[in-house]
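Quick notes on the structure that follows.
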Amino acid sequence: MSHTVTLQPFGVEFECGEEETILAAALRSGISLRYGCKHGGCGSCKVQLREGEVDYEGEHATAISESEQDAGLALLCCAHPSEDVVVELPDDYTEAELQPRFPVREFSVELAQKNLVTHDTMHLVLSLRAGDRVEFGAGQFIEIAAPGSDEWRAYSMANAPATNDRIELMTKLLPGGVFSEYLKQRAAPGDQLSVRGPFGQFQIADTAAPIVMVAGGSGMAPIVSMLADLAEQQSGRDIVFYYGARSRRDLFWLDEIAALGRRLPLFRFIPALSEPQPDDVWDGETGLITDVIRRHSDSLRGAEGYLCGPPGMIDAAVAVLKEKGMFNSRIRFDKFLSTASY
Amino acid sequence: MKITEAYDRVKDLEWEPTYITKEEKSVETTRFHLENATPHDPFKTFVREYCEQELEKDDRHYAVLEASSRLNTKEPDPRWMEAMKFGLSNLVGVEYAAARAMGRMARTVAPVELRQGYMMQMLDEMRHSNLEMNVIRHHMKHWKDPAGYDIVAKAGVNSVGSSIFRSMVEDTMTSDPVETSIGLQTFIETAYTNVFFIGLSSAASRHGDDMLASTLLTIQSDEARHMANGWATLSALLQDDRNIPLIQDAMDKWSWRMHVSFGTGNLLFADYFVRDRQESAKEMMMRWVFDDFYGGFYQKLEKFGIKPPKFLDQMISDQDWTSHSTALYLFGAWPVFFHRFDPISGEEMEWFEKKYPGFYNYFGQFWEAYGACTDADEKKIILKELGGLPNFCQVCHRPTIFPRPDINTGRSYVHKGKNYILCSDGCEHIFRKEADRYIVSKSFYDLYEGMELSQITQQLGYVRDDGKTLMAQPLLEPKRMWTLDDVKRCEYVVKRPPPPPLSTYNPDAAR
């Protein structure tokens, strides 16, 4: 059973299950509250309750005394709501800091272009209504309603956040997929589609560390968006982008990436084919992307890794990055799920 | 009244006195710039609430102690209980020094927003040293062999092994007060206390030492606040660009300083003081210190221009051998310690070989030799068989056997016409920057050169009440306990080894 938590003085509300802590529910709902240790030891998330009871069953809430509890204080990282709760946030909170980085909303877009970029990958351009803008971070995704069904499909944005009058996506066309079949058979420029978002935490950390990007298949999308964003910011960071494809016919957007590379002073793009076909014209890397990363990297200590693609590829690539000394805490990834399992 | 409102009122009590100068008021000055900083107040807690919280924690903890001393639960593991005589000798001093350091911080440099946090931390640290002293007292009363627990406080001051921690603590608390905060709150507390207190507490629990397990957990419950103090201090410092190179220097120093003290201790404790092993000490350190702290925490600082520590790669690769080299020292020099030793078994060596490939090749021989030198009637003492103790580092007080005796990086370095011995690039880097901080400390050889080993043990006071039997024994249950006469019969006179080759370290090489 869930209860409503209201954050005053802003009136921001979210739902919290009895099994969940209020802090965890807030973070899950995209609301940023202040916290420290997250396990009851520091008191950084201590707030005044105005209405409602909480309990600390099964938690180790040491940073709050009984008399504080009697006075209506609560430790949000350990508190479970027993009923609807109203929290009075400390007065140096601002409404802005509670908000997710970009507002989540549902809106209409028009299918402007659909281009097959490989035999099974389609690049879509969705235009927003005149005057409408979408705010998102490079690496985030949106959900799109599959026409003729009540299902939603998730895709990462492939364009830079600066081009906010449209959304570009890359979709892998899967046989029998509800959205894939629509795209293959019926989709036509001018179609109206519903989207909601943006979602997701996959984003480039604000540091100066070298960057290693690894993608496979349509995992290219968020990486291209990140590259475009870095180019937009005139980033001077050292960036290497490994892209794994099966054969030459699965490789796309080489010109677009080369163009982005010209805007980034320390950029290398290393595509590799795992199963080149006899008639492929190719003088680049071949073999598994993991072996290619291994060959091209010295120590990756201090570098950051950003990976997007099928789970198997990500797991294997993460192992190679760690083997090269990359800290686990500096590896971020977005495993995409096929429509079948989504 | 709302807490925040009340809190602001308390802050308004801050005033600048007219009857003394700023310098007189603060006693000490700092080279860091905090004059324009507007720190974020990490906690809003009053002393009344703070005391209630801590009282609650103490009530829970002492209830455990009280209960377990009456319940006669299974005897704890003797390897663990004996090793903790040495283990605990290192800790109380750290806590007490930390309390002093917080007093200095609050007095000298703290903007009003940070002062409350520092003052509470000062009280925490006093609480921690009391808790740790109480564990020692408890073990002295209840462990079957109290000899050694009764002199832990003294040993913390005179043991050559404890000098590794002691020198680090003294280094921390005599630094610039802001640098003390970086060393203490950012490195000891943020980087190392999780692996140390949580990891050690879990090991204590696995070995039946509930008292220490509970003590370490109740201590760790305060550490998150200390980490928040450290972060609030760093964030305030980062607001002023002039501080960036100063912070970088301090972080480069303290990362290495903790690696050779807390890091070394943790690797030794977690690999050699336990019998029931789960992860290797290196695996724990990689996850909790290197991934979390050097990977995660440092990442937050990079946008301010802070770079990873100068010797990061060395710190990581050292861990392949640090625990084994340290154990070789501790076990090899057992007569100058004050606990019973329990050498590792063949089965344990297999485990080590799996976790640290190459282990047996480099350390197998030592353990065989150790096994051949445990019988007092054989008149053979391992320290003599090994060729005596090595040199000691002027900065960290570790012997110059790191990362591994055969590839040790000990070197001589001449400062103002006098030769000093250092163990590594990291310690040499620290020494060159502030040699005067380190040249006064006396080495083991300055104190004991030319003395016969049993005289040293006697002088240290590590002898049982009968005046002749050693506190330390090379086995948990030797056939016959070693006496001063047994040691004397081995005829080992402490001789200073020749100095290592001159340093070739280039401090200007790129990081």
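Structural remarks
- Given (1) within 21 Å of residue B:463 (Cβ to Cβ); (2) open to solvent by less than 10 Å² (accessible area, probe 1.4 Å), number of the condition residue B:395 does not satisfy: (1)
- Tally of residues being open to solvent by 10 Å² or more (accessible area, probe 1.4 Å), closer than 25 Å to residue B:337 by Cα and hydrophobic (A, V, I, L, M, F, W, C) across the range B:166-187: 1
- If you go through the range A:253-263 and pick out every residue that is open to solvent by 10 Å² or more (accessible area, probe 1.4 Å) and either touching a Pro at 6+ places or on another chain (Cβ under 6 Å) or of a type outside the set (Gly, Ala, Ser) (or both), you end up with 7.
- For the range B:309-338, filtered to residues that are within 17 Å of the chain's Cα centre (by Cα) and small (Gly, Ala, Ser), the residue that is nearest to the other protein chains (Cβ to nearest Cβ) is B:323.
- The requirement of being under 27 Å from residue B:461 (Cβ atoms) and outside any helix (DSSP H, G or I) is fulfilled nowhere in the range B:180-202; no residue meets it.
- Top-ranked residue in the range B:192-227 [being farther than 18 Å from residue B:64 by Cα and within 14 Å of chain A (Cβ to nearest Cβ); ranked as surrounded by the fewest Cβ atoms within 10 Å (Cβ to Cβ)]: B:194
- Qualifying helices (runs of 4 or more DSSP H) (wholly inside the range B:1-89; at least 2 residues being under 30 Å from residue B:164 (Cβ atoms) and either open to solvent by 100 Å² or more (accessible area, probe 1.4 Å) or more than 14 Å from chain A (Cβ to nearest Cβ) (or both)): B:78-89
- Here residue B:305 meets the list (1) within 14 Å of chain A (Cβ to nearest Cβ); (2) of a type outside the set (A, V, I, L, M, F, W, C); (3) open to solvent by less than 10 Å² (accessible area, probe 1.4 Å) almost entirely, failing just condition (3).
- Every listed requirement among (1) open to solvent by 30 Å² or more (accessible area, probe 1.4 Å); (2) touching a strand residue (DSSP E or B) at 6+ places or on another chain (Cβ under 6 Å); (3) farther than 18 Å from residue A:305 by Cβ is met by residue A:267 save one, (3).
- Strands (runs of 3 or more DSSP E) wholly inside the range A:172-249 containing at least 1 residues that are touching a Leu at 6+ places or on another chain (Cβ under 9 Å), within 14 Å of another protein chain (Cβ to nearest Cβ) and buried (at least 19 other Cβ atoms within 10 Å of the Cβ): A:211-216
- Note on the range B:410-431: residues that are open to solvent by 50 Å² or more (accessible area, probe 1.4 Å) and polar (S, T, N, Q) total 1.
The values are calculated or read from the model by the stated rules, or taken from the named source; none is laboratory data. As the structure is a computational prediction, the values presented were derived from the model and not from experiment. Note that each Cβ is placed from the backbone with ideal geometry, even for glycine, and that neighbours are counted across all protein chains shown. The accessibility values were calculated without ligands, DNA or RNA, using every heavy atom of the protein model including side chains. Shrake-Rupley method; radii C 1.70, N 1.55, O 1.52, S 1.80 Å.
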